[in-house]
Amino acid sequence: MTNWNGIKLFRHSDRIKTFLEGGIPDPVSIELHPTNRCNYDCIWCEPRILNKFDKTLEMNEEDLSKIIRELKEFNLKALLYSGGGEPLLNPATLPSMKLANSLGISVGLFTNGALIDDATAKDLVQICTFIRITFDAGNREMHSQVHRCNSYDRVIDNCKTLVKYKKEFGSKVTLGGGYVISPESYMGAKDAIDLFDEFGFDYIQFRPARYEKLAVGDYILQEVRELVESESKNRRISVLFVPHFGTNYYGAEKRSYNKCYIYNFQGIIIPDGNLYTCYGCVHKNCYPLGNVKKEGFKNVWMNKKLDLDPIKDCTECRFHHHNELLEQLKRIGHEDFL
């Protein structure tokens, strides 16, 4: 059992009950993109490849504060800072993370790790529930090739600093590494496991690149899966393979649902204020649910409608298993007879 299992949705039974009764549940989690600016130029970056949004857009501290306070009114459980761009490029990101934490909202962070200086590391390990460093390489040359930058040594130092302050402050933050499998990076998987194990990180997660021109063949995925299965048996660090539905790993598996249900429980807010149900819609710039800057979060959330057929409109999905579980719950009868 891992933290990526859709079953954890059942921890929010009050909101599931509201959903099944036809009401509008409060959101469980929101992904927030404080900026579209980025200091990397990753070869598989969908915003860059698809060229669907303004790469200069960024929220200011007032915008972030207003949105977070509105989210708290909806009893939001968790706020994930991601992108878009690199969250820590926005100087308003860290103050807004502190605000969310002070309001009792769990905070997570996806970052490339290049901008985590000493002071930031101290703050992050005390604020965040988890921090995941996008690494995607087994050595300096590969890191420069896939990210098109020269920050390998700095990121390694910053990872070690996070571990140091996690220990110093007695923090329970979960530290993880992210690794996208592509033709340019798959051969570095074992070296990356060694690195993150040596750092003292808690996990490293592998997943295939989503962009079809950078997809790897089944034989490479099988090789990585076998490596993950082997290494996970003999390591202190958790080694995980977490592909998304619709990547070639899934083969012929079919959807059992023709509606997206997860948008009742989570969403993504991007720098211009648009709320989307998932990153797939963000990157394609389609199906916005409303604009929280212009309309306010409450008005957007309570009036959102999603005219989307996952079978026809979605090539891949991070929330596939969540949707399957919700579909089964809606269909089930005689629920009182266990």
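Restricting attention to the stretch 89-105, does a residue exist that is without any contact (Cβ under 8 Å) to a residue 40 or more places away in the chain, under 24 Å from Thr174 (Cβ atoms), open to solvent by 10 Å² or more (accessible area, probe 1.4 Å) and among the polar types (S, T, N, Q)? Checking the stretch 89-105: at least one residue is without any contact (Cβ under 8 Å) to a residue 40 or more places away in the chain, under 24 Å from Thr174 (Cβ atoms), open to solvent by 10 Å² or more (accessible area, probe 1.4 Å) and among the polar types (S, T, N, Q).
Screening Ser102, Ser65, Ser106, Ser82 for residues that are over 28 Å from Cys149 (Cα atoms) and within 18 Å of the chain's Cα centre (by Cα) leaves exactly one candidate, Ser106.
Would you confirm whether or not the stretch 43-56 contains a residue that is open to solvent by 20 Å² or more (accessible area, probe 1.4 Å), assigned to a loop (DSSP other than H, G, I, E, B), among the polar types (S, T, N, Q) and at pLDDT below 95? Yes, the stretch 43-56 contains a residue that is open to solvent by 20 Å² or more (accessible area, probe 1.4 Å), assigned to a loop (DSSP other than H, G, I, E, B), among the polar types (S, T, N, Q) and at pLDDT below 95.
Kindly state which helices (runs of 4 or more DSSP H) lie completely within the stretch 69-188 and contain at least 2 residues that are of a type in the set (D, E, K, R). Give the derivation first.
Values: elements: 93-102, 118-127, 140-147, 152-169.
Result: 118-127, 140-147, 152-169.
Apart from one condition, Phe110 fits all of (1) buried (at least 17 other Cβ atoms within 10 Å of the Cβ); (2) farther than 21 Å from Tyr40 by Cα; (3) touching a residue at least 60 places away in the same chain (Cβ under 8 Å); the exception is (2). The conditions of being more than 17 Å from Asn323 (Cα to Cα), out of contact with any Lys or Arg (no Cβ under 7 Å at 6 or more places or on another chain) and in contact (Cβ under 8 Å) with a residue 40 or more places away in the chain are not met by Pro27.
Across the stretch 189-209, which residue is nearest to Leu240 (Cα to Cα) among those that are not in a helix (DSSP H, G or I) and not hydrophobic (A, V, I, L, M, F, W, C)? Walk me through it before giving the result.
Residues of the stretch 189-209 that are not in a helix (DSSP H, G or I), as a first pass: 200-209.
Subset that is not hydrophobic (A, V, I, L, M, F, W, C): 200, 202-203, 205, 207-208.
On the way: Gly200: 16, Asp202: 11, Tyr203: 7, Gln205: 5, Arg207: 9, Pro208: 12 Å.
Filtering the stretch 189-209 for residues that are not in a helix (DSSP H, G or I) and not hydrophobic (A, V, I, L, M, F, W, C), the one nearest to Leu240 (Cα to Cα) comes out as Gln205.
For Leu227, all conditions in the list (1) crowded, with 17+ Cβ neighbours inside 10 Å; (2) at pLDDT 95 or above hold save one; what is the number of the exception? Only one criterion is unmet by Leu227, namely (2). Of everything listed in (1) surrounded by fewer than 18 Cβ atoms within 10 Å (Cβ to Cβ); (2) in a loop (DSSP other than H, G, I, E, B), the single unmet condition for Thr18 is (2). Between Lys298, Lys254, Lys304, the distinction of being part of a loop (DSSP other than H, G, I, E, B), in contact with a helix residue (DSSP H, G or I) (Cβ under 9 Å, 6 or more places away or on another chain) and surrounded by fewer than 16 Cβ atoms within 10 Å (Cβ to Cβ) belongs to Lys254 only.
The values are calculated or read from the model by the stated rules, or taken from the named source; none is laboratory data. In this text, all values refer to a predicted model and were calculated from it rather than measured experimentally. Neighbour counts are summed over all protein chains in view; Cβ atoms, including those assigned to glycine, are modelled from backbone coordinates with ideal geometry. Each accessible area value is taken on the protein alone, full model and side chains, heavy atoms only, with ligands, DNA and RNA left out. Shrake-Rupley method; radii C 1.70, N 1.55, O 1.52, S 1.80 Å.
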